[in-house]
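A quick write-up on the structure given underneath.
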Amino acid sequence: MVLEAVNEPIPLKTDADGVIRVAGTRVMLDTLVSAYHDGATAEEIADQYPAVRLADVYATLGYYLRHRAEVDTYVSEGKAQSAKLREDAEHRHGTWPDLRARLQSRGQSR
């Protein structure tokens, strides 16, 4: 028997919002990369996110290792965008302790 090498597609898809997810799941690329950086093995990641097959975790981590600079840039830009959205929301509505205090004072004035 001769084993033929086959190129398989990377199991990543970009959604309508530009977020890269493991195909067929809601699990984001940044989530797997973060778990990997935290020291989790592929098996531990697959256990932690049962929607992702072990083979897809390995394929995604392999893609990350081959394209580390690009993925790290993507993850950094996503974190910056999230921080900006959080900052904008806090500017408009205050922080959680501020909001909680306002709600409590409303309840006491009734």
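The values are calculated or read from the model by the stated rules, or taken from the named source; none is laboratory data. What you see is a predicted model, and the numbers here were worked out from it, not measured in a lab. In this analysis, Cβ positions are derived from the backbone assuming ideal geometry, glycine residues included, and neighbour counts consider all displayed protein chains.
Looking only at the stretch 57-67, which residues are in a helix (DSSP H, G or I) and surrounded by 12 or more Cβ atoms within 10 Å (Cβ to Cβ)? Steps first, please.
Quick first cut of the stretch 57-67, residues in a helix (DSSP H, G or I) only: 57-66.
Within the stretch 57-67, VAL57, TYR58, ALA59, THR60, LEU61, GLY62, TYR63, TYR64 meet the criteria.
Can you name the residue in the stretch 68-102 that is surrounded by fewer than 10 Cβ atoms within 10 Å (Cβ to Cβ) and over 30 Å from LYS13 (Cα atoms) and is also modelled with the lowest pLDDT among such residues?
So the residue we want is TRP96.
Those residues that are of a type in the set (Gly, Ala, Ser) and either free of Cβ contacts under 8 Å to residues at least 24 places away in the same chain or over 18 Å from ALA59 (Cβ atoms) (or both), I need them from the stretch 1-23; list them, please. Step through it out loud before you land on a result.
Filtering the stretch 1-23 down to residues of a type in the set (Gly, Ala, Ser) leaves 5, 16, 18, 23.
Within the stretch 1-23, ALA5, ALA16, GLY18 meet the criteria.
Does the stretch 21-59 hold any residues that are among the β-branched types (Val, Ile, Thr) and touching a Lys or Arg at 6+ places or on another chain (Cβ under 7 Å), and which are they?
If the condition is that a residue be among the β-branched types (Val, Ile, Thr) and touching a Lys or Arg at 6+ places or on another chain (Cβ under 7 Å), then VAL27 is the only one that fits.
Pairs, please: C-beta under 6 Å, at least 6 apart or cross-chain, first residue under 14 Å from ILE20 (Cα atoms) and in the stretch 56-80, second crowded, with 16+ Cβ neighbours inside 10 Å and among the acidic types (Asp, Glu)?
Hits for this filter: VAL75/ASP30; GLY78/ASP30.
SER105 passes all but one of (1) touching a residue at least 40 places away in the same chain (Cβ under 8 Å); (2) exposed (fewer than 11 other Cβ atoms within 10 Å of the Cβ); which number fails?
It is condition (1) that SER105 fails.
State all residues of the stretch 33-49 that are among the polar types (S, T, N, Q) and either under 13 Å from the mean Cα position of the chain (by Cα) or within 16 Å of VAL75 (Cβ to Cβ) (or both); if no residue qualifies, say none. Explain how you work it out, then say what you get.
Taking the stretch 33-49 and keeping what is among the polar types (S, T, N, Q), we get 34, 41, 48.
Matches in the stretch 33-49: SER34 only.
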